Amino acid sequence: MALLVYSSPSITPEMINRNFPTIFDLIVSITAGLAIGFAITGIIQSSLVGIAIAVSLMPPAVNIGVTLIYGNILLSFGSFVLLLSNILAINFMAILILRFKKMKILEKNYPFWEGPEEKVGHLSIGVKVVKKKPKKSK
């Protein structure tokens, strides 16, 4: 017969490590940003991007929720700061790689409901609205 024992929730050392950013966390997020930048430019496989995101963003995001449930606001705030710094570092490094590779911004494509003159007069379902001219009376 199995005996289930309930233990009260406690903060683990791994949860404490997901607190405010350290130099190791910065290195991991910079590496993730490099992987994303190179994946966008087509140099490395895109599966590495998912791994980089999972390593750098998921642990602090999950830690925010768990520590909020436990009622530890300070630890939750520290995890939020870590998550925010990881997002900023990833975006900065990805943009840096894109600029280094001289990637150009795509030309703006207007949606079919707005834009150049020839698209005016269409409804969102693609039907052209024809305005009838008033008949001239004799």
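The values are calculated or read from the model by the stated rules, or taken from the named source; none is laboratory data. Since the model is a prediction, treat every value here as computed from it, not as a measurement. Glycine gets a Cβ as well: all are built from the backbone with ideal geometry, and neighbour counts include every protein chain shown.
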- Restricting the stretch 6-45 to residues that are closer than 21 Å to residue 59 by Cβ, of a type outside the set (A, V, I, L, M, F, W, C) and surrounded by fewer than 16 Cβ atoms within 10 Å (Cβ to Cβ), the one modelled with the highest pLDDT turns out to be 22
- Item | Tally, over the stretch 67-91, of residues that are assigned to a loop (DSSP other than H, G, I, E, B) and aromatic (Phe, Trp, Tyr) | 0
- Item | Those residues of the stretch 35-92 which are within 13 Å of residue 25 (Cα to Cα) and polar (S, T, N, Q), in sequence order | 56, 79, 85, 86
- Taking residue 114 as meeting all but one of (1) at pLDDT 90 or above; (2) of a type outside the set (Val, Ile, Thr); (3) exposed (fewer than 15 other Cβ atoms within 10 Å of the Cβ), write down the number of the exception. (1)
